[in-house]
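S.K.: Pasting in a structure now, in C-alpha cells, and then I'll have a few things to ask.
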Amino acid sequence: MEELNIENDFVSKKKNNNIFVLISLLFILLLAGIFCFFLIDKNNKKDNKNKKEEITPLMYEITKEGSNNKIYLFGSMHMVNHDEFEYPKYVLDAYNNSDYVACEFDVVEYTENMNAMEMIDDFMYKDGTTVKDHISEENYNKMVQFLTDKYMYNENLDIYNLYFFETMVTQAVINNSKLANGEAVDSYFLKKAKEDKKTILEVESYQFQMDMFKSLPDRLFELEILEMIDNFDENLKELEDLYTAWKTGDVTKFLEEDEIDENKYSKEDIEILDDYNKKILDNRNIGMTEKLISYFDNNYKTFYMVGAAHLVGDNGIANLLEQKGYKVTRIK
C-alpha cells in the first residue's frame, strides 16, 4: 500500500476541450446501458479461452486515527468486458472483508424491477413538443443521419428528448468498441453481493441521477451530440483509452487537461459546460464523501464503489477525505 499522492489539478474551468464528452462517456455509460436494454439486441458473449488479463484498478483504504473501522473506496467503470480479465486479489479481498457494498444506485435491482413505461416516460417532453423543437434544423438532420447510418433511428423516436438521443449517440460509440457486450463493474459486484447476502447501500439513486439530468439544459445535450458525431473516431479511442486507464488504475488519465478552444464555443456554451462539470462531478463528490463518512462513523465496514473519476483530483473524494482528517492509502 502507498500513501495518497495524486496530482491536484483535476477538471477546472475552461480546461480540456473534450472534458465534458469524457465525463459523459464515464457517467452516461451506466444509464445508457440500462436504457438500451430495451433497444438493442445483445449478442451472447463468445467463449474466451485466452489467458485472463491482469488488472490493477484504482482502490483506496480509508481509515482514521482512533477508529477500528475501515472502508475500501473502489473506482468503478460503468461498462467493461469481464471476459478479458479477473479482478485482482486486493479487490476481491476488500469485497470479501466488507459487510456492506455501496454503489451509486442499485442497477441490478432497478433493471430487475423497473417499470419500462415509467422509465421511458422520463425521456419524453411533457409539453407536447418533440425533439425537433429543441435543436436546430441543421443539427437535427445531422443527428438523424448519423443514427440512421447506425441503424438506430426511426421517426417515431422524435417524441423523445435530447437526453434520450444523447444516450443513443453514446451507445453508438459503445457499439463500435470492445465494450459492445460489456457489463458494469457495479453490476458484477452487486450480483455477487446479492448472492453473498451482503447489505447493499445506495449512495445516490436512479431518481437522483435522472432528476439531475432533467435539470440540465437541452443545449448541453446538443453540444455533446455534435461532439460525439463530429469526432466519432476520436471519442471511440477515448472510450477505449479510458477503459485501459481503468484497468491499470492510471490516475493521470483522469487528470489530463487542455485549454478549451474559446473560438469553438460561445461564452454561453462555456458557462453551460462549466456548470455541467460542477453538477456531474464536484457537487456529487461532496455528497458521496458525506455518505462515505456517515458509513464510516456508523462502523459500516464497506466496499464503497463509485465511478473512478469521482475519486481523484482536488475535488475528488480521496482528497476531500484527507482534508477531513481521514487517512487515504492506495492499495495495489
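S.K.: Once amide H atoms are built 1.01 Å from N in the peptide plane, which residues 5 or more positions from VAL80, or in another chain, come under 5 Å H to H?
M.R.: GLU183, ALA184, VAL185
S.K.: Given a Förster radius of 30 Å and the C-beta distance between LEU92 and ASN115 as r, what FRET efficiency does 1/(1 + (r/R0)^6) yield to the nearest 0.05?
M.R.: Using R0 = 30 Å, I get an efficiency of 0.30.
S.K.: Using a Förster distance of 35 angstrom, determine the FRET efficiency expected from the C-beta separation of SER215 and LYS51, and round it to 0.05.
M.R.: Efficiency for this residue pair is about 0.15.
S.K.: Just from the alpha-carbon atoms, what are the Rg and Dmax of region 228-288 in angstroms?
M.R.: Spelled out, the Cα radius of gyration and Dmax of region 228-288 are 14.1, 37 Å.
S.K.: What FRET efficiency comes out for SER136 versus THR252 if R0 is 41 angstrom and r is the Cβ-Cβ distance? Round to the nearest 0.05.
M.R.: Computed FRET efficiency for SER136 and THR252 comes out at 0.65.
S.K.: Report the normalised scattering of region 262-332 as log10 I(q)/I(0) at q = 0.16, 0.27 Å⁻¹, calculated by the Debye formula with identical scatterers on the alpha carbons.
M.R.: Once normalised to I(0) and log-transformed, intensities are -0.63, -1.28.
S.K.: Here's something else I'd like to know. Taking 0.36 nm per residue of separation and subtracting the Cα-Cα distance, what length does fully extending ASN156 through PHE208 add?
M.R.: Full-extension gain reported as 15.9 nm.
S.K.: Separate question: Using the per-residue mean of other Cβ atoms lying within 10 Å as a proxy for protection, in what order, highest first, do the peptides 190-203, 218-231 fall?
M.R.: My ranking of the peptides, most packed first, is 218-231, 190-203.
S.K.: Could you tell me the convex hull volume per residue, in Å³, taken over the Cα atoms of region 194-299?
M.R.: 171 Å³
S.K.: Between LYS70 and ASP241, what length in nm is gained on full extension when 0.36 nm per residue of separation is reduced by their alpha carbon distance?
M.R.: Roughly 58.4 nm would be gained on extension.
S.K.: In cubic angstrom, how much convex hull volume per residue do the alpha carbon atoms of region 43-125 span?
M.R.: Taking the convex hull of the Cα positions in region 43-125, it is 177 Å³ per residue.
Laboratory data are not the source of any read-out in this text; all were calculated from the coordinates shown. It should be emphasised that the depicted structure is a prediction, and the values quoted were computed from it without experimental measurement. Note: ideal-geometry Cβ built from the backbone for every residue, glycine included; neighbour counts use all protein chains shown.
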